[in-house]
1. Is there a quick way to get the dipole size of the chain? I mean about its Cα centre, with the Cβ of Lys and Arg at +1 and of Asp and Glu at -1; what is the value in debye to the nearest 20?
2. Quick check on the chain: what are the equivalent-ellipsoid semi-axes from the Cα gyration tensor, as sqrt(5λ), descending, whole Å?
3. Less than 15 Å Cβ to Cβ from L83, Lys/Arg counted +1 and Asp/Glu -1: what total charge do the surrounding residues give?
4. Tell me, what ³J(HN,Hα) does each residue in the stretch 25-31 have, in order and in whole Hz, if you take phi through Karplus 6.51 cos²θ - 1.76 cosθ + 1.60 with θ = phi - 60° and put x for Gly and Pro?
5. What number, rounded to the nearest 500 deg cm²/dmol, is the helix-based mean residue ellipticity at 222 nm of the chain, given -39500 (n - 2.57) per DSSP H run of at least four residues and division by all its residues?
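Values quoted throughout were computed directly from the atomic coordinates according to the rules given, and no laboratory measurement underlies them. What you see is a predicted model, and the numbers here were worked out from it, not measured in a lab. We place every Cβ from the backbone using ideal geometry, glycine too, and count neighbours over all the protein chains shown.
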Amino acid sequence: MTYAIILSLMAGLLVTFAQAYISYDKGIQTSSYYYPVGLSLNVIGGIFWYFIAKNTPEKTTLFASLIWDIFLVMSFMLVPILLFGVTITKYQMIGIGLIVIGILFLKF
């Protein structure tokens, strides 16, 4: 993969962390800028993914999409745990496992 694609993946990871943060922060959720910021972050993330999909060679597109999906799942899982003190129950662990199995099943 080229450096531009790797930088886009890293920028996409930062955007995803920002999306996860505003999804869990109660102060931001009640503010007037919650929806515009959320929509803007989604558009920016979509632009990054479009750039990655267009510039990735055909044989590595699947690998790049797997990394992107793992970033999405890990961001929305780690942000609440690390920043908001959320604890994970055994049922949530089962759900996370099913998500990972589903991603791997669909990608391969």
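1. Numbers: 5 positive and 3 negative charges, 23 e Å.
My answer is approximately 100 debye.
2. 25, 20, 10
3. On the way: positive: K26; negative: D25.
The answer is 0.
4. In residue order, the calculated couplings are 7, 5, x, 6, 4, 8, 7 Hz.
5. -28000 deg cm²/dmol
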